Amino acid sequence: MIYVCSPYRGDVSVNVAFAKRCCLEVIKAGKVPFAPHLYFTQFLDDDIPEERERGMCKPNFPKLQKNLLSKLPMKNWLNNNSAK
C-alpha cells in the first residue's frame, strides 16, 4: 500500500486530477494507493475547519497509525512535481 500525499486546496479540480494520476501510477506499479484526501472530501467539507480536521485525521491519527497503518506494508512515494 502506498500513501499518496498531494495538494488538495487551491485549484481543487487540478489538484484532484493530479492525485488521481498519482493513484493510477501506484496501481500501474502493482500497489494499492491510499489517498484519504480523495475519499474524505466526498462527504466532508474542506472549507469547514472542524470537518477539515476530521478529514486530516489529526485527532485520531496516532490511533489510526497504531491500529491500522502500522499493520500494513506501506510506503510513501514522494513526488516533488507541482500539481499544475
What is the spin-label model distance, in nm, from Ala17 to Asp47 if the labels are put 7 Å beyond Cα along the C-beta direction?
2.1 nm
Where in the stretch 1-62 are there trypsin sites (Lys or Arg not before Pro) that are in a DSSP coil and have at most 13 other Cβ atoms within 10 angstrom of their Cβ?
Arg9
Approximate spin-label separation Tyr3-Ile27, in nm, with each point projected 7 Å along Cα-to-Cβ:
2.3 nm
Report, by chain and number, residues whose modeled amide H sits under 5 Å from the one on Ala35, excluding near sequence neighbours (fewer than 5 apart, same chain).
Val4
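Any read-out appearing in this document is the output of simple, stated calculations on the displayed coordinates, not a laboratory observation. Note that the structure is a prediction, hence the values are computed from the model and not measured. Heads up, the Cβs are rebuilt from the backbone with ideal geometry, glycines too, and the neighbour counts pull from every protein chain shown.
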